[in-house]
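Visitor: Dropping the structure in here first, questions after.
The values are calculated or read from the model by the stated rules, or taken from the named source; none is laboratory data. As the structure is a computational prediction, the values presented were derived from the model and not from experiment. Note: ideal-geometry Cβ built from the backbone for every residue, glycine included; neighbour counts use all protein chains shown. Note: accessible area is taken over every heavy atom of the protein model, side chains too, but ligands, DNA and RNA are not part of it. Shrake-Rupley method; radii C 1.70, N 1.55, O 1.52, S 1.80 Å.
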Amino acid sequence: MTRSTTDEGAAEPLPSPKERRRLRETKALSEEQVAAAVGVTRATVRSWETGRTSPRGRKRALYAKIIAPEPEPEPEPKPKPEPEPVKVAAPGTKAAVKTEAVKTAAPPKPVTGPVAEPPVAAPKRGVGRGAEPPPEAPKPVAGRVAAPGAVKAKATAPVTAAAPAEEAAGAGPAAAAQAEAGAEAEESAAPEPPDARDFAPADAFDELYARTAPGLVRQTYLLTRRRALARESVERAFQLAWHRWPEVAVDRDPAGWVRAAAYEYALSPWHRMRRAHRYTDAPPTEPVGRALSDALLDLPPAYRRTLLLYDGVGLDLPETAAETEASTPAAAGRLMTARAALAERLPELAGAGSPAEQSALLHDRLGGLARAEDVPVPRPADAVRAGGENRARLWTRAAVAGVALLMLVTGLTLHTAPTHYEQPIAPAERVGGVPPRGGPQQLTPQDLELQKSLREQMAHGPERLVPEPR
């Protein structure tokens, strides 16, 4: 049985497209070097790093080996601590007498008090947002019934440190055994830290939305200077993320995934045809903020987005290039051109000495402009999720209705269509150049009278040829 190249490619895991670019640049490898090593063109390597295509078969294994991160050196094993020497008390001292008393003491008595049941684990939440089922009641202990609230009191009691050795020794062996049993019960009753797997997808989505949505609205406003469009873009991006949550949840940067989707929707040229988003909002009243906002809008969308990601958000150059789907030199060129265009309108930016100072100044100015403007607050996360689900449900129903209508029209056409071909009759045409049709013309009354007289005469004789005149 032979294996196809698809099976071989699937067996070799690869990181995400952004991670592939980062690993390649970490190893200081260019696209040409990787392409020459794998045996493909530079455009193919760029397509692999942008996620449009993926390598297969032998090329996939070779590409994964080239960009694989170097293994970290294993830490050296720590030397084991030497055991401390055991000090033996001299005979006749108080310590020796106390040790002998503990050895010869009677074995500890069993604990006869009520033993609290271990706490019942909280039920895991499912994907739905419904009410959680009530916890199960604690099981009774054989021989004794736990008092109501015993489990709760035991679980909520603060966990203290172990009692000093002097108190345990002064209370006797039985008290020490009871104290040790109580400490073990408290440790078992202490609540366990929540596991990441216990969170429902809706909870993780809500946490991401609450953490990133307000900032994304302000960033999108800087790109478009349209408040309603900024809010709509962020909500559409999060609705798309909720539809593709299995993909977004395992992404290396879920916030970056949503940010890229919001930027793409906000910079779409089709919004010019919508009356609500045809014109920009009023510029800021502050002169410096107005000049910066006008200079940003005069830049091309790709340059504006590169400048905002690098100087506003704070991404490095490779991540900015990967998010804008451009090479690193192209992203650097766009950034330098955008800074030069802004420096012509902002004298303080032109007076900055180094690119680092320009980046810091732009970061402060963009942040201040975003915070100074009154942008709309995004809707709650559950409303965004419900709106996305309703929209998907509406589109699904529309698609089903369209398919049903198409099937109905097709069936009606098949029912009413003719089953055989009928050649159409050609329309009449006047033909020229044909002589008039010969033959008997319409008889006059004299001709009819003559014809009648001929039929009445005999069929022989000269009278047949020349009738008598009347």
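Visitor: By the scheme Lys and Arg +1, Asp and Glu -1, what is the net charge of all other residues having a beta-carbon under 12 Å from that of G368?
Guide: Numbers: positive: R218, R365, R371; negative: E286, D364, E373.
My count for the surroundings of G368 gives 0.
Visitor: What distance in nm separates the two pseudo spin-label positions at V403 and A68, each 7 Å out from Cα along the beta-carbon direction?
Guide: For V403 paired with A68, the spin-label model returns 4.4 nm.
Visitor: Quick check for you: which residues of segment 205-222 have the amide N under 20 Å from the point 7 Å beyond the Cα of V288 toward its beta carbon?
Guide: 219, 222
Visitor: Additional query: Per residue, how much accessible area does segment 301-362 have with a 1.4 Å probe, in Å²? Provide the component values of the computation, followed by the final result.
Guide: Working: 2650 Å² over 62 residues.
Accessible surface, normalised per residue, equals 43 Å².
Visitor: Give me the distance in nm between label points sitting 7 Å out from Cα along the Cα-to-Cβ direction at R379 and H243, one decimal.
Guide: Modelled inter-label distance: 1.6 nm.
Visitor: I've got another one for you. Can you compute the FRET efficiency between R345 and Y421 using 1/(1 + (r/R0)^6), with r the Cβ-Cβ distance and R0 = 60 Å? Round to the nearest 0.05. Could you put the intermediate results ahead of the total?
Guide: Numbers: r = 74 Å, r/R0 = 1.23.
Approximately 0.20, to the nearest 0.05.
Visitor: How would you order 237-248, 201-212 from highest to lowest mean count of nearby Cβ atoms within 10 Å? All intermediate terms of the calculation are to be shown ahead of the outcome.
Guide: Details: 237-248: 18.5, 201-212: 16.7.
Listed from highest to lowest mean packing, they are 237-248, 201-212.
Visitor: Kindly rank 387-396, 410-419, 323-332, 445-454 from highest to lowest mean number of other beta carbons found within 10 Å of each residue.
Guide: Numbers: 387-396: 12.4, 410-419: 7.8, 323-332: 17.6, 445-454: 10.6.
Order by mean packing, descending: 323-332, 387-396, 445-454, 410-419.
Visitor: Run the Debye formula on the Cα coordinates of segment 202-340, all scatterers equal and no solvent, and tell me log10 I(q)/I(0) at q = 0.10, 0.13 1/Å.
Guide: -0.34, -0.58
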